[in-house]
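Some notes on the structure that comes next.
The values are calculated or read from the model by the stated rules, or taken from the named source; none is laboratory data. Treat the numbers as computed from the prediction; the structure is a model and nothing was measured. Neighbour counts are summed over all protein chains in view; Cβ atoms, including those assigned to glycine, are modelled from backbone coordinates with ideal geometry.
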Amino acid sequence: MVNPGDPRSPYRQVADALRAEITSGALRPGDPIPSNTTIMGRFKISSSTAQRAVRILVSEGLVQGVPGRGVFVRTKRPFWPEVVTRYLSVPPEGERARWITESAKRGRRADQRITFVGEVEPPEDVADNLRLPEAGTAVVRKRVMLLDDEPVELVESYYPTDLVRGSPIMEMAKIPRGAYAALLALGYPPRHAHDVVYARMPTPDESRALHLAPGTPVFCIIRTVLSDDDRPITVDVMVLGGDENRLEYEIPIV
């Protein structure tokens, strides 16, 4: 039962106790958490207090409700690290894009859903990174990246319009061997990338698109890719769920 002398409110005490059972493994991924009636009896609390405690765990992304069945400890299928150098190389002729082949090596089925391709006035930070002139435009490709049919990442890739005009990058279709191969064919091989990484809470659209539990933050990566002579050729704006991803970087010491 809850401790009346504890400075924590009763619903916080209950939430903390259930959280400890989840983190310790007493309640494992996929297990149902105790029913509302069981929580009430165990901690000697009201129904509203029990519900409030469970809502805290839902907001933290630890549990999720299944309509008609109950509330369960979230089952997470971890993604692998997003490594800064992994997708900067161009796959050999005849091979598929790196996203596909790297996923297959790990027993995962990768795909992407293209949601928009077109010429736009990019956000100010993207325009600055691309070094566009005032009122300059970019071609953006917006995609949802999928693993085993589940959305894991939202990507908006921006390219200087004058650089990619008339190329496969402007088509509403998947690009054989990926966009870096298309840039290489245009004479702009990717040579170097600069990342800005930060965390924030998602927008409602991002939460829906990535199937995020309430309260789950996201990683944002703004990656500027440079070609020869340090010319910017693309800016990728990536959004990944903070609960099933980690970022890992290889940093050469020179």
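Among the residues here, Leu240 qualifies as within 16 Å of Lys142 (Cβ to Cβ) and of a type in the set (A, V, I, L, M).
A count restricted to the range 180-224 and to residues that are farther than 18 Å from Leu147 by Cα, touching a helix residue (DSSP H, G or I) at 6+ places or on another chain (Cβ under 8 Å) and among the β-branched types (Val, Ile, Thr) stands at 3.
For (1) in contact with a helix residue (DSSP H, G or I) (Cβ under 8 Å, 6 or more places away or on another chain); (2) hydrophobic (A, V, I, L, M, F, W, C), each residue gets a yes or a no:
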| residue | (1), (2) |
| --- | --- |
| Asp125 | no, no |
| Leu130 | no, yes |
| Gly136 | yes, no |
| Val140 | no, yes |
| Met145 | yes, yes |
| Asp162 | no, no |
| Met170 | yes, yes |
| Gly178 | yes, no |
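Checking each residue in the range 1-38 for being within 13 Å of Arg52 (Cβ to Cβ) and in contact with a Leu (Cβ under 8 Å, 6 or more places away or on another chain) picks out Ala15, Leu18. Among residues of the range 223-254 being within 30 Å of Val54 (Cβ to Cβ) and of a type in the set (D, E, K, R), the one that is surrounded by the fewest Cβ atoms within 10 Å (Cβ to Cβ) is Arg246.
May I ask you to verify whether Glu95 is surrounded by 15 or more Cβ atoms within 10 Å (Cβ to Cβ), acidic (Asp, Glu) and at pLDDT below 90? No. Exactly one residue out of Val139, Val84 is of a type outside the set (D, E, K, R) and modelled with pLDDT under 85, and it is Val84. Looking only at the range 152-211, residues that are β-branched (Val, Ile, Thr) and more than 24 Å from the chain's Cα centre (by Cα) come to 2 in all.
For the range 46-61, give me each residue that is part of a helix (DSSP H, G or I), without any contact (Cβ under 8 Å) to a residue 40 or more places away in the chain and under 20 Å from Asn3 (Cα atoms). Result: Ser47, Ser48, Thr49, Ala50, Gln51, Val54.
Entry remark, the range 128-170: residues being among the basic types (Lys, Arg) and within 28 Å of Asp229 (Cβ to Cβ) number 3 in total.
Residue count for the range 224-247 under the criterion of being assigned to a strand (DSSP E or B) and within 14 Å of the chain's Cα centre (by Cα): the result is 7.
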